[in-house]
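Trainee: Take a look at this one; I'll ask things after.
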Amino acid sequence: MLKKQQEQQHTVPAGAYLKNFVDKNGHVWVLSADDKIFNTNPNSILKERHFYSLTRNNGKKDMSVENTLVSIEGDFVNAFREKFIKNLFLTDKERIAVSIFIETLMVRTRPYRDHFKRSLEELKDWMEDRKKHSI
């Protein structure tokens, strides 16, 4: 079951982020791309199969990125529970953990990923073009 769960990876973390927006029934309200409004369990939205998985040369999936994100989320949740909720100051280490978590929120979405992929493809094309003209 754990292996199956790791295949479904949240683009917005459910435990560290979405659950902070649940209603009294434990659901989040969603406005879909086609303008439909509904409520659902935060664990059932904003995830894709193998969104962060890397494929090794032997075809096996590498979960290193997902595992790193889980660790980052855990550090944030600890700081949130121990300090934010109690209105206490963060240590330098906790401030770094919160900063890293916020940064990962910004870069772990499909639009960012697609933009980054296009940029790398443009760079590759430019390099190939330069190589052709320098020979």
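Trainee: Restricting the first residue to the range 20-33 and requiring it to be within 16 Å of Lys47 (Cα to Cα) and in contact (Cβ under 8 Å) with a residue 12 or more places away in the chain, which pairs with a second residue that is surrounded by 10 or more Cβ atoms within 10 Å (Cβ to Cβ) and aliphatic (A, V, I, L, M) meet a Cβ separation below 6 Å and a spacing of at least six or different chains?
Mentor: These pairs meet every condition: Val28/Leu18; Val28/Val22.
Trainee: Can I ask one more? What strands (runs of 3 or more DSSP E), lying completely within the range 28-101, carry at least 1 residues that are farther than 21 Å from Asp114 by Cα?
Mentor: Strands (runs of 3 or more DSSP E) meeting the threshold: 28-31, 37-40.
Trainee: If you don't mind, another one. Out of everything in the range 69-92 that is among the acidic types (Asp, Glu) and over 14 Å from the mean Cα position of the chain (by Cα), what residue ends up being surrounded by the most Cβ atoms within 10 Å (Cβ to Cβ)?
Mentor: Looking at the filtered set, the residue picked out is Asp75.
Trainee: A further question follows. Out of the range 93-111, which residues are loosely packed, with under 13 Cβ neighbours inside 10 Å and under 15 Å from the mean Cα position of the chain (by Cα)?
Mentor: Residues satisfying the conditions are Ser99, Ile102, Glu103, Met106, Val107, Arg110, Pro111.
Read-outs: derived from the displayed coordinates by stated rules, not from any lab. The model shown is predicted, which means the values in this text are computed figures rather than measured ones. Note that each Cβ is placed from the backbone with ideal geometry, even for glycine, and that neighbours are counted across all protein chains shown.
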